[in-house]
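Inspection log for the structure reproduced underneath, given as structure tokens.
Bear in mind that the values in this text are calculations on the coordinates, not laboratory data. Fair warning: this is a prediction, and the values are worked out from it, not measured in the lab. Neighbour counts run over all protein chains shown; Cβ positions are idealised from the backbone, glycine included.
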Amino acid sequence: MGESRHSADVIVIGAGLAGLVAAIHAVRQGARVRLIANGWGQQIVSPGWISVLDSAEGNTLAAVQGFAAAHPDHPYALAGGEALVNALALLQEIAAEIGEPFAPPRPDGCNLRLPTMLGGTQTPLLAPLGIANGDLTDVHGPVLIVGFDGWRDFYPEMVAGNLSRQGIAARAVSVSLASGRPGWDEWPADLARRLDDPAVCTAILRQVQPHVRDAVKVGFPAVLGMERHADALREFEAALGCPVFEIPVLPPSPAGTRLSNGLRRWLLRQRARVQIGHPVVRAVVEGGRCVGVEVGALGHTNPFYADVFILATGGLYNGGLQSDETGRLWEPIFGFPVSGPPGEGRTGWYRERLLVAEGHPIHRESGLRVNAQMQPVDDQGVPLLENVFAAGHLLAGFNPLTDGCAEGVALATGYRAACAALAVQA
């Protein structure tokens, strides 16, 4: 990734992975960046891993190339393979710098096989080190699953039982939090902060050690610390004498929260402006260009001006796209046209059954249409505003719920949008 310097003012709207990687790349290229978001993005509710193409067999990035060639309207095809590769490398580099490293990809380039909190398995390409330690691809020996007495969000017996049914030798144990509270209704992030206390970790380890025996790995719910997670992971492995891994739990995701906190601090250290909790309510457009955005404040709006704008506000479930009972779809900040399923009203939005492998039309066919520069376009492919770019889950052409590429699309399109935005100002 060559480093060139830009003096552009860039406003990124949205703090999901697409917005974060766009902001990071723009900062790295010398731009002055302001990131504005109503709240944190999907990484707060996702497991913390990076799904690029969950269905890939063999080398995942090679499979993405074939997939993009077969689906020319997919965001992967529009962003290009280089954007995905560079975005993955950028994320890994910055994550290591902030102390939240991802494990290196598998040498063969294949997806990981990671356990879920129900005892199933998922196949992302990358994961934070603690979660990636749970890769079940080549496990030769039993796995110990540890839970906490009285906490309703994680049941180690269920995890171990379902893994055993898949041919993975697993057993379970529950231990006390030794903290004076049962923790029945505790949020995962709050529990993770309690495990920032070395004394709490020591008490847990003393209870787990007699149960390790011949286990080749020990899995815990993903609450092994918030601010001192890396230290806690090392301490657990040293005390138990084998690899220790985390299993994702119900949101809010501690792994995603750690990453978001670290990336926000990184941006602030680079003198970027980060405003979380401030909704962008409208764009200011003059002469075919966006010149600024108005941001909600107490009883009024504040204007912010820039040279280029990157829209990464998410899809229907994030507020980046909106709908009503008539079947109307709209993008609320710029008023860009939104594609949707054919048919009157909402009659074509859903299939007859709730759970279908291919998902529902509303999730795949709704979104902004963009060109290869990530500029929103009209029906004839003409850019709507020359200095506005879009990325992430508000794009049409894929289903972030079923395609197994949600994080990959966010990274690739966010990176590509930043490249294209800076090229406009070169």
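At an R0 of 22 angstrom, the distance between the Cβ atoms of Leu355 and His71 translates into a FRET efficiency of 0.45. Just add up the charged neighbours of Val295: K/R +1, D/E -1, any other residue whose Cβ is under 13 Å from the Cβ of Val295. In short, +2.
Relative contact order of segment 135-242, please, whole-number percent, based on alpha carbon pairs below 8 angstrom and at least 6 residues apart. Display every interim value, and only then the final one.
Values: 160 pairs, mean separation 34.5, N = 108.
Computed over segment 135-242, the figure is 32 percent.
The distance between label points at Thr116 and Glu93 comes to 3.4 nm (points 7 Å beyond Cα on the Cα→Cβ vector).
With a simple spin-label model that places each label point 7 Å from the Cα along the Cα-to-Cβ direction, the separation between Trp187 and Leu268 comes to 1.8 nm.
Have a look at the DSSP beta bridges in segment 135-242 and tell me what percent are antiparallel, nearest 5.
Values: 0 of 9 bridges.
Taking every DSSP beta bridge with both residues in segment 135-242, the antiparallel ones total about 0 percent.
Annotation for Arg234 and Arg282: the two label points, set 7 Å from Cα along the Cα-Cβ direction, are 5.4 nm apart. In the chain, the longest principal axis of the Cα atoms and the axis of helix 17-28 are about 70 degrees apart. On a 0 to 90 degree scale, rounded to 10, what angle separates helix 254-269 from the longest Cα axis of the chain? Taking the Cα atoms of the chain, the angle to 254-269 is about 50 degrees. For the chain, with a Gaussian network of springs between Cα atoms less than 10 Å apart, report the residue from Arg273, Arg351, Arg34 with the top mean-square fluctuation. Maximum fluctuation in the GNM of the chain, among the listed residues, is at Arg351. For the chain, the antiparallel share of DSSP beta bridges with both residues in that region comes to about 40%.
Which of the three applies to segment 135-242, rounded, prolate or oblate, going by the alpha-carbon gyration tensor with a ≥ b ≥ c and a/c under 1.5 meaning rounded? Here segment 135-242 falls in the prolate category. Each Cα pair under 8 Å and six or more residues apart adds its sequence gap; the mean of these over the residue count of the chain is a relative contact order of 23 percent. Given their separation in residues at 0.36 nm each and the Cα-Cα distance between them, Asn59 and Glu386 gain 114.0 nm when the chain is fully extended. When each of Cys290, Cys405 is scored by the number of other beta-carbon atoms lying within 10 Å, the sequence from fewest to most is Cys290, Cys405.
Annotation: for a label point projected 7 angstrom from Cα along Cα→Cβ of Met158, residues of segment 106-137 with backbone N closer than 11 Å are 117-120.
Once the Cα atoms are used to define both axes, helix 81-97 deviates from the longest principal axis of the chain by about 50 degrees.
What FRET efficiency comes out for Thr301 versus Asp214 if R0 is 41 angstrom and r is the Cβ-Cβ distance? Round to the nearest 0.05.
Values: r = 63 Å, r/R0 = 1.54.
E between Thr301 and Asp214, to the nearest 0.05, is 0.05.
In terms of the mean number of neighbouring beta-carbon atoms within 10 Å, the peptides 215-223, 49-57, 373-381 order highest first as 215-223, 49-57, 373-381.
How high is the FRET efficiency between Gln275 and Trp330 when r is their beta carbon distance and R₀ equals 25 Å, given to the nearest 0.05?
Details: r = 24 Å, r/R0 = 0.96.
With a Förster radius of 25 Å, E is 0.55.
Helix content alone sets the calculated 222 nm mean residue ellipticity of the chain: runs of n ≥ 4 DSSP H residues at -39500 (n - 2.57) each, divided across all residues, give -9500 deg cm²/dmol.
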